[in-house]
Amino acid sequence: MTDAQPGWSGGTVAARTVTLTDLLRVPLHRIRLVAAVAVLGLAAAIGYVFLIPGAVSASAVVAVRPVVTDAFTPSGAAADRAVNMNVESGIATGTDVVQRLADSGGRDPRDVRDALDVEVPAGGQILRFTFTADSAESAVNNANLAAQSYLDVRRNMYERQREEMLRSYDESIEDVAARQAALQKRMANARDGAREAVVAELAGVNNQLTQLSSARTEIAAVDVNPGWVTQSAEKALVSSSGRGPLYVAAGLLGGLLLGVVLAYAWESMDRRIRSVDDGRDATGLPLLGTVRGQGLFGRRRPVDADIRYVAMAIAERVREPARIALLTTREDQTTLTAGLAVALAATGRDVYVADDSGRLDELRATVMTDRGRLPAAVNPARPSIPKPRPDGSGSLDDVTEQITPVRRPSPRPGPARPAPGDPEATMMLPRMSGGPVTAKSPVTEQADEVPVGAGGVRFGTWRQRAAQGLVLFNAPPAEADERGVAAARQGTAVVVVEQDRTKQGDLRRLAERLRAAGVAPLGFVLTRSGRG
C-alpha cells in the first residue's frame, strides 16, 4: 500500500556540536521560570531596602601621642618617639573597648565587633573609629564612645606601667637608704684607718641614692596621656551606606542567575524537543517539514503553506491506496490532521479521515475552516464573483470566466452521464467499493463527504475506513492508547512532534515501540504552536 521507505537512519550519527544558541535555548524556553525567580529576587531586595532601616556610619578621629619622659625634647630617630600603630589598632579593637561598647548599649559583643571599624592611615599616627548603626544617634554615640574607650584603656595601661616602675624605684631607694644607714653606723664606730674606706663607700651609696631619686622623679612626672580626640562624631557628618540600588541590582542579578540554574535543572529532569536536531536525535527519522503557528492570542493557527509542504512530502513517499497514522506522544494533532486532509484533497485525492476518540466534529469543523482559506480557483465553495462596476460596464465573458471554477480531472473518472436530450437513456449508478460493510447508506456517506478542490474529504472511524484512496488516522496519544501503533502496522505512520511540549523520553519510547512493532514511519513533523 505504500512505497518501501527506509524509516530509520542507519549507521552511526555524528555527534552534533553544541553551540551558544543551544545553551541559550533552555533559559529562553523556560523564560517564565527565569522571570518568576528574578522577580522574587528583585522583590526580596526591594523589601530588604524598604523594610529594614538603612545603615548609617559615624567617624571619630584620635591622634595617638607617644608617651616620653621629656615631652619638650626635639623628636628625632629615637625609639621612644615612634608608635607601633599595628599594636594601637589591635588595642582599639580589643576586648576591653568592645566590652565597654557592649555594656553601654546592651548589645552582643560580636555585633559590636562587626559594626566597629578602625582605620590607620598610612604614614600617620591617627586612628579613625567608624561605627555603623541603624540610627544616626546610635552611630554618633558609639563612635565617640569607642574613641574615648580606647584612650581610657590606653591611659590605664600607661598608668599601670608607671606605677610598676615607681614601685621598683621605691624598693631600690629603700635598699640604698638601708645601706646608707648601715655605713653611717660603721663610720661612727670605725677607727681612723678603716674610716676612710667607709667614707668612700658611703659617698658611692649617696650618689646612687641621688640618681635613683632623680630617675623616680622623672618617671613620676611623665604625662601618660595616650592621645586626643581631634574630631568627634557628629550627626551632621553621618553618612548613609547608600547601598540600596546595589542591593536591588544584586537581587535582580541573583534572581536571574538562580532562575537560569533552576531552568537547566528542570530541563535535565524534563527534557523537551527544542529543535529539529532534537527530534531527529530522539526518533532517528527524517524531517518531513516544520509547521509554524501564526496569531498573537489564543490558540495559534498553523501556517497553511507549511502544511501544504508537508502534504507534498507525504504524497511523494506514498502510493495510493495508503493508510497513514498520525502519531503523537501526549499531544493533540487534530488541527494538523485536518490541514493535511485539506491539502491532500485539494490536489485531486479522495481522503478519508478516521478518528476513534470522539474528535470527528472538531475535524469536520477544522476542515471546513481550512477549506474556506483555499484560493477561489481551487475551492469550489468560494467562487470569486466580481463586484459590479459603478458604471454598469463589464462583459458577460468576464463574469463567466471568474465564476467558473478550475477543477482538476479526478484520478478515478465516474460513469458517463446520459445526454440531457435522450429521454430513454439510463442513468448509470456508481459501483459500490469493496471495502468493509458499514451501517451508512451510500446516500448518507455521500452527504458526509466535504468537497475540497479537485477531491474530497470523508470522515468516520477506523473500522469504517475506505479501501481505496488515502486514509489519515487521527490516532489517540500513544502514551495512553496503542491503537495508533496498531493502525500504523497496517500501513505507515507520521510522527507529529510539538516543539517545547513533546518530551524527549516519551518520543524515544514511541520510536522504540514503532521499531519493535515493525513499523517504518515516513518521518516526523515538527509543529511550533507555542512560538511561531
Scalar couplings 3J(HN,Hα) for the stretch 139-144 by Karplus 6.51 cos²θ - 1.76 cosθ + 1.60 (θ = phi - 60°), nearest whole Hz, x for Gly and Pro, are 5, 5, 4, 6, 5, 5
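Where only protein heavy atoms count, and the probe is 1.4 Å, what is the accessible area per residue for the stretch 86-195 in Å²?
Per residue, the stretch 86-195 has an accessible area of 59 Å².
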Residues meeting the amide H criterion for GLY456 (H placed from the backbone, H to H distance under 5 Å, 5 or more places apart or on another chain) are ARG349, ASP350, VAL351
Mind listing the long-range amide H neighbours of PHE473? Cut-off is under 5 Å, sequence gap 5 or more, other chains count too, H placed in the peptide plane at 1.01 Å from N. ILE324, ALA325, LEU326, ALA354
Taking amide H atoms as placed 1.01 Å from N in the peptide plane, list the residues 5 or more away in sequence, or in a different chain, whose amide H sits under 5 Å from that of GLY227. ARG65
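Run the numbers for VAL261 and GLN231: contour at 0.36 nm per residue of separation, minus the present Cα-Cα distance, in nm.
Values: separation 30, 0.36 × 30 = 10.80 nm, distance 5.02 nm.
Full extension of this stretch gives 5.8 nm more.
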Using θ = phi - 60° and the Karplus curve 6.51 cos²θ - 1.76 cosθ + 1.60, what whole-Hz ³J(HN,Hα) does each residue of the stretch 86-94 get, with Gly and Pro shown as x? 5, 5, 5, 5, x, 5, 5, 9, x
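What's the extension gain from ARG160 to ASP332 if we count 0.36 nm per residue and subtract their Cα-Cα distance? Don't skip to the answer; put the middle values down first.
Values: separation 172, 0.36 × 172 = 61.92 nm, distance 9.10 nm.
So the chain would gain 52.8 nm between ARG160 and ASP332.
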Ordering ARG65, ARG155, ARG110, ARG508 by the accessible surface of their heavy atoms, 1.4 Å probe, largest first, yields ARG110, ARG508, ARG155, ARG65
Karplus-derived HN-Hα couplings along the stretch 267-279 (A = 6.51, B = -1.76, C = 1.60, θ = phi - 60°), whole Hz, x at Gly and Pro: 5, 5, 8, 9, 6, 10, 7, 9, 8, 5, 5, 5, x
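The values are calculated or read from the model by the stated rules, or taken from the named source; none is laboratory data. These numbers come from a predicted model, not from an experiment. Side chains included, ligands, DNA and RNA excluded: accessible areas come from the protein's heavy atoms. Shrake-Rupley method; radii C 1.70, N 1.55, O 1.52, S 1.80 Å.
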